[in-house]
Amino acid sequence: MATEPASAGVLIQDDWSDLTYEARTELDNIIGFSEILQEEDGQSSEARTDLKRIHRAALRVLELVSRLETHVHATRAQATLDPLTGIANRRYFEERCVAVFDQVPQIHLSVVLIDLDKFKLVNDNYGHLVGDDVLKSVVDRCCNAVRDADLVARLAGDEFVVLLPSTDPDEAIRIAARIRDFVGESPLDTRRGPLPVTVSVGVANRRDDDASITDVIERADRAMYYSKERGRDMVSVAE
């Protein structure tokens, strides 16, 4: 999967890691040096008291750095991940798409749109908790069908998308077909028992005249709806 994006006003992951590493290193130096000085002979009682205070303060700051790291990681996860399925959310997907689209203009780039067939009936007949079970199971199978470099994201409701960087049209079609096959090969496990689910899939590849990644996504979306119109449970490729 792709790395987390940088948001405006927020340190990117590498910068944050570098800063916390430097802070931890300096604090470790202070802690170690203060311990050495406390063991030396000839220290006055006042000096030993001050060294103990420095030692305690450094330990406390080190603890706060750890808590701050945990908070930052949790905040970043909330900003980039879908809370139900744990995959990338729409915001992260859009940011990543722009970055990949602009990175190397001539590379192959493909997008796969996935929509569950008749998902409303699942919610109506079994309830939203079972619907959530279905969504999570579909995501698991989609993730198993793609490569490590691909990005699976939830756009909204029962609609998902996969960004396929450095992928030619033939390979994109094979991956889309594998997603369809993986989802529909056997019923999904839910709290109400196994449920058969299929998906309609649309594939689009970057063209020379595409002004932005939005053009690719829109073609994939039209191809996905064409799959719906043709009877569902199939893969369609944008012209």
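No lab work stands behind these numbers, since they all come straight from the coordinates. Given the structure is predicted, the values throughout are model-derived calculations rather than measurements. Quick reminder, even Gly has a Cβ in these numbers, built from the backbone with ideal geometry, and neighbours come from all protein chains shown.
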Residues whose built amide H sits under 5 Å from the amide H of residue 197, excluding neighbours closer than 5 in sequence, are 188
per DSSP, antiparallel bridges as share of beta bridges in the chain, % nearest 5, sits at 85 percent
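Check each of the trypsin sites (Lys or Arg not before Pro) in the stretch 86-155 and keep only those in coil by DSSP with at most 15 other C-beta atoms within 10 angstrom; list them in order.
Details: sites: 90, 91, 96, 118, 120, 136, 141, 147, 154; in loops: 118, 147.
Sparse-neighbourhood loop trypsin sites (Lys or Arg not before Pro): 118, 147.
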Expected unfolding gain across residue 149-residue 36 under the 0.36 nm per residue rule, minus the alpha-carbon gap, is 35.8 nm
Filtered hits (lysines, Cα-Cα < 29 Å from residue 136, offset >= 8 within chain) -> 118, 120, 228
Comparing 133, 102, 209 in a Gaussian network model of the chain (Cα, 10 Å), the one with the largest mean-square fluctuation is 209
The relative contact order of the chain, taking Cα pairs under 8 Å that sit 6 or more residues apart, comes to a percentage of 19 percent
Taking a crude spin-label model, label points 7 Å out from Cα along the C-beta direction, the residue 102 to residue 23 distance in nm is 2.9 nm
Given [x] 35; [y] 38; [z] 45 as possible values of percent of Cα pairs over 33 Å apart, the one from the coordinates is [y]
Nearest 10, in degrees from 0 to 90: the angle of helix 90-103 to the longest Cα principal axis of the chain is 90 degrees
